[in-house]
Amino acid sequence: MAKDDFIAGLCERIREHASRRQALRIRGGGSKDFYGERTEGEVLDMSPYAGIVAYEPRELVVTVRAGTRLADLEAALAAERQMLAFEPPHFGPGATIGGAVAAGLSGPRRPYAGAVRDFVLGTRIVNGKGEDLAFGGRVIKNVAGYDVSRLMAGALGTLGVITEISFKVLPLPAAEATLEFEMDEERATEQSNLWAGQPLPLSATAWQDGRLRVRISGAPPAVEAAKKKMGGFEVEAGDYWRDLREQRLPFFTGASVLWRLSVPQSAAPVAKGSAQLIEWGGGVRWVAGPINALDVRSSLQRMGGHATLFRGGDGTIGVFQPLQPALMKIHRRLKDAFDPAGILNRGRMYAF
């Protein structure tokens, strides 16, 4: 099927389902089916709509169809010594770039390079009315509609079916090293934030069981200078950072329930007594095992954070932190504007 025929067929299918208010469940590689609330409806398979539309390594811009496998895109970028700087997790070999954007998840480099939405230059979507729409552009200077493109990052397909995305990409670092330090949680968070305020090439941090690991990336002289200034012990990281990103470390694989706590980086320890792995200089705190969701969510809300039931557990408490009325009103208005019949990934985030 020609690519234009795919889009035309997609628009028609959405219009038909909207007329009957019949739900559609958007799916790429299925690697993130576990994430979010349960959805309903027929599967809308986006995996056939794949391929790189345009790639200008000198301009640091790539445009890609949503069904393109994430591994294939990363391989094409690596051949030019470039990368998706937000390090999106795959969670499976079939992961697609459309799913990565829709999930809005970023890897270890996020606090030092930026989130998914920070690298999205433009998107093409089909909304819940069956309209083929484009926002933003393929060049960094073109920012028309940029905020609308950003809305698609993390919306879990509830506002539209992503068909194409343009990204800003970055060069791969010339050198990397991993340093290790023995510190308790509070000291590790404090030290990570002190380093982040200095001209050091930080690219990841992770703390667990009294041990802080820090990845530094950049030009070889900068990495060597940082090693001397920071101290600690240099360790052979191997696949550690990749396994952290893909949640293949024993901490994750042994957890039947996994919570993701998002808090200000300088926040004091939370969920004390639970097994934790802390990333992003304290900004993301993974908790393995059950917690008192009401208490933790209430505490995090007061400090400007939120708690997500990432995997497993009792889904009746809600996967995502309940929104305040004003924010819920905005979400509903956006949903009504993009998908008035409410057919796209119905209920994937909230009950509308």
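For an R0 of 25 angstrom, estimate the FRET efficiency from the Cβ-Cβ distance between PHE352 and SER256 and round to the nearest 0.05.
0.25
For region 224-321, which trypsin sites (Lys or Arg not before Pro) are both in a DSSP coil and crowded by at most 10 other Cβ atoms within 10 Å?
Here the sparse-neighbourhood loop sites are LYS272.
Once both axes come from the Cα atoms, what is the angle between helix 220-230 and the longest principal axis of the chain, in degrees from 0 to 90, rounded to 10?
60
Can you compute the charge dipole magnitude of the chain about its Cα centre, using +1 on each Lys and Arg Cβ and -1 on each Asp and Glu Cβ, nothing else charged? Give it in debye, rounded to the nearest 20. Write down the numbers at each step before the final one.
Values: 44 positive and 39 negative charges, 169 e Å.
Around 820 debye, computed over the chain.
In region 146-202, which GluC sites (Glu not before Pro) fall in coil by DSSP and have 14 or fewer other Cβ atoms within 10 Å?
Hits after loop and neighbour filter: nothing returned.
Take every Cα pair under 8 Å in region 162-272 that's 6+ residues apart, average their separations, divide by the length, and report that relative contact order as a whole percent.
With pairs under 8 Å counted, the relative contact order is 31 percent.
Between ARG187 and SER274, take the C-beta separation as r, use R0 = 22 Å, and let me know the FRET efficiency to the nearest 0.05.
Working from the Cβ atoms, E equals 0.70.
May I ask you to list the chymotrypsin sites (Phe, Trp or Tyr not before Pro) in region 144-190 that are in a DSSP loop and have at most 15 other Cβ atoms within 10 Å of their Cβ?
none
Could you go through region 294-305 in sequence order and give the Karplus-derived ³J(HN,Hα) for each residue, using 6.51 cos²θ - 1.76 cosθ + 1.60 with θ = phi - 60°, rounded to whole Hz, and x for Gly and Pro?
4, 5, 5, 5, 5, 5, 5, 4, 5, 9, x, x
Between the alpha-carbon centers of region 272-337 and region 1-66, tell me the distance in whole angstrom.
28
Placing +1 on the Cβ of each Lys and Arg and -1 on the Cβ of each Asp and Glu in the chain, which of TRP259, MET46, GLY128 has its Cα farthest towards the positive end of the resulting dipole?
So the residue furthest toward the plus end is GLY128.
Could you identify which residue out of ILE125, ILE216, ILE330 has the top mean-square fluctuation in a GNM of the chain using Cα springs shorter than 10 Å?
Ranking ILE125, ILE216, ILE330 by mean-square fluctuation puts ILE330 first.
Want the number for ALA337 to ALA79: 0.36 nm per residue separation, take away the alpha-carbon distance, what's left?
Taking ALA337 through ALA79 to full extension adds about 88.8 nm, to one decimal.
Each residue of region 66-83 in order: what ³J(HN,Hα) in whole Hz does its phi give by Karplus 6.51 cos²θ - 1.76 cosθ + 1.60, θ = phi - 60°, with x for Gly and Pro?
Using θ = phi - 60°, the values come out as 5, x, 5, 5, 4, 5, 5, 5, 5, 5, 5, 5, 4, 4, 9, 6, 10, 7 Hz.
Through the Karplus equation 6.51 cos²θ - 1.76 cosθ + 1.60, θ set to phi - 60°, convert the phi angles of region 265-274 into ³J(HN,Hα) values in whole Hz; use x for Gly and Pro.
Per residue, the Karplus-derived 3J(HN,Hα) values read 4, 8, 5, 5, x, 10, 6, 4, x, 9 Hz.
Taking R0 as 25 Å, what FRET efficiency do you get between GLN198 and MET303 from their Cβ-Cβ distance, rounded to the nearest 0.05? Could the numbers behind the result be given before it?
On the way: r = 25 Å, r/R0 = 0.99.
Efficiency, from the Cβ-Cβ distance: 0.50.
Evaluate Rg over Rh across the chain, taking Cα atoms for both radii and Kirkwood's formula for Rh.
Details: Rg = 20.7 Å, Rh = 21.3 Å.
Reported Rg/Rh, Kirkwood definition of Rh: 0.97.
In a shell of Cβ-Cβ distance under 13 Å around ASP118, excluding ASP118 itself, what net charge do Lys and Arg (+1) and Asp and Glu (-1) give?
Here the charged neighbours net out to +3.
Using alpha-carbon pairs under 8 Å, 6+ residues apart, how would you state the relative contact order of the chain in percent? List each step's numbers first, then the result.
Values: 741 pairs, mean separation 67.3, N = 352.
Computed value for the chain: 19 percent relative contact order.
Starting from 0.36 nm per residue, how many nanometres of slack lie between ASP295 and THR316 once their C-alpha separation is accounted for?
Working it through step by step, the gained length comes to 6.0 nm.
Under 8 Å for C-alpha pairs, at least 6 residues apart: give me the relative contact order for region 277-347, rounded to a whole percent.
Over region 277-347, the number comes to 15 percent.
Every read-out reported here was derived from the displayed coordinates using simple, explicitly stated rules and does not represent laboratory data. On a predicted model such as this, the values are computed, not experimentally measured, just so you know. Virtual Cβ from ideal backbone geometry, glycine too; neighbours counted across all protein chains shown.
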